[in-house]
1. How many of the residues making up the stretch 537-548 are farther than 18 Å from residue 584 by Cβ and buried (at least 16 other Cβ atoms within 10 Å of the Cβ)?
2. Working only within the stretch 402-425, note down all residues that are buried (at least 24 other Cβ atoms within 10 Å of the Cβ), touching a residue at least 60 places away in the same chain (Cβ under 8 Å) and in a helix (DSSP H, G or I).
3. Please find, among 560, 574, 534, 551, the residue that is farther than 18 Å from residue 481 by Cα and either surrounded by 18 or more Cβ atoms within 10 Å (Cβ to Cβ) or touching a helix residue (DSSP H, G or I) at 6+ places or on another chain (Cβ under 8 Å) (or both).
4. Quick one: in the stretch 369-387, which of the residues that are within 20 Å of residue 451 (Cβ to Cβ) and at pLDDT 95 or above is surrounded by the most Cβ atoms within 10 Å (Cβ to Cβ)?
5. Being in the same structural domain as residue 493 (by TED's automatic domain parsing), part of a loop (DSSP other than H, G, I, E, B) and touching a strand residue (DSSP E or B) at 6+ places or on another chain (Cβ under 7 Å): is that true of residue 338 here?
6. If you take the residues of the stretch 38-54 that are more than 14 Å from residue 140 (Cβ to Cβ) and assigned to a loop (DSSP other than H, G, I, E, B), which of them is modelled with the highest pLDDT?
7. At least 2 residues that are closer than 21 Å to residue 399 by Cα in each: list the helices (runs of 4 or more DSSP H) lying fully within the stretch 456-515 that qualify.
């Protein structure tokens, strides 16, 4: 029977749904088995929906089915509930609709029953299992179900990845499963069920497994790696289970760090005195995995959401049990103070400072994970705790560090903590897109801005930084704030009398950097508050050189018009920029406004109407400010002539893209090979 027929009842559903709540559709209408009308088919459906009466009746009639292997679509059902796939008559994945169909699996009936609950409710992980689900497994075991030989080592570990149930583990052990068995991971390494339960936060399962292991003659020290795994995602309940069983003596014992390759784990020589402890793991973890959303949640002190609070509680529990604070990261040699400055509360950071004995003025090497280079890249030597706390907007920790007597700090590029704060927008931008927290982007951005300003206030008011300090590239914090379009920080720095006319090594003022994007990047000034920024500039800087030229002869307005940064151009015009000023090629701003910059000719922007709308909006803003339509460039072209040539060229590119898109998709021929561009015939 075809998958289309199996899930026929799904064909009437709308293509989009919440993934967790299905409107006007009963779960019993959705078949997860091969609906061939046999008793086996009815048994699978009954097990999946925990219909104990029907399961009992069928097994009484045909007891041999209790150890049978059954075909089902339970995992596909889970994926559909999660919204990972869409079923509209034929099953397709949104990313590759030509290849994927419903995924049929054949597995023992007991294996289906074990994981049916998490599949049925459509969750990647559930922290508790219903009584009905446990009773179904118990019924199967009582009627003679046994774990198949190939699953004896793995079935308990596999279940711990999906759900937490000590009762089901106990039943599986009765049916022949090995509670201390191992599963192979995607890294070609083996983990025990204890380690999997500790990593995923299955505290009920972990408690049962630890008790079983200890009863079998194992000692708690055998599970030191599992104890460390509880720290990666700050599973405080799992930590408590270890502490109840005598693991307090292990919390300061180091383990060797692992270095992961694409195919397998490899190790390098290491110093046992500098290994990892649970405290270093939880302090230096970049993210915590949210099992509900299946995303990596970034912790920030200014958010202090549930995952950050969870991380705090885990660290405090270790400290209360005597965890050492003078330990350093095994790979980077950074202190716990350094790691905690990124995300922790001032109370936790203060405790670590007071008990670690580390020098507050110690400096480190920092390597950014982002791809920017040159003046825009964060990193290098001589990075101090203030730099780190400022970069992550950890205002209260900045205040704590200052109150404890930390000295003024600059990195190897002469950047102050205020420079790092102004450069941190890229880090925050990526965090904001990955975070999925609270009430959405707008609230998170406003919170970040508030704490950024609070951090800057501490640094400036206490005299830890010079607001006009220039780094090795000649740039001030205001330069970087303008580049990153951090409007709230820009207005704050201007209100504190930051010099708007200071030039960097390329003769750019902060106003130049408002539109300082590469040719291939679309300006990100759509939400820039023109009116409030203009009012602030006029209030606090009465002598703005708005027509200053950089080393290439461009004014801020010329750069904004070249990139079609409409709101930035409006701001500059409001500040009195000359709409008829000429660049090195004798082009006026209006010539650039009617042209199409390189980013508009990118494949993703061709044919999009907002490209032309923005061009028109920029043109009319310049005309309203007094731009001369009759001005000629170095080629003798008027604005109208340039506009005609540009529109014809742009339209030709649109036609070419349409022609390419109409070609049939060719088979994938390897990395870097286009799927639509015709290839030369092989000779």
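The values are calculated or read from the model by the stated rules, or taken from the named source; none is laboratory data. Just so we're clear, the structure is a prediction, and the values are computed from it rather than from any experiment. We place every Cβ from the backbone using ideal geometry, glycine too, and count neighbours over all the protein chains shown.
1. Adding up the residues that qualify gives 5.
2. Once the filter is applied, which keeps residues that are buried (at least 24 other Cβ atoms within 10 Å of the Cβ), touching a residue at least 60 places away in the same chain (Cβ under 8 Å) and in a helix (DSSP H, G or I), the stretch 402-425 yields 419, 421, 422, 423.
3. Just a single option satisfies the conditions, and that option is 574.
4. Of everything passing the filter in the stretch 369-387, 386 is surrounded by the most Cβ atoms within 10 Å (Cβ to Cβ).
5. Criteria not met by residue 338.
6. Among residues in the stretch 38-54 that are more than 14 Å from residue 140 (Cβ to Cβ) and assigned to a loop (DSSP other than H, G, I, E, B), the one modelled with the highest pLDDT is 49.
7. Result: 487-495.
Per-residue answers, yes or no, for (1) over 23 Å from residue 524 (Cα atoms); (2) at pLDDT below 80:
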site	(1), (2)
589	no, no
592	no, no
614	no, yes
627	yes, no
640	yes, no
649	yes, no
658	yes, yes
667	yes, yes
678	yes, yes
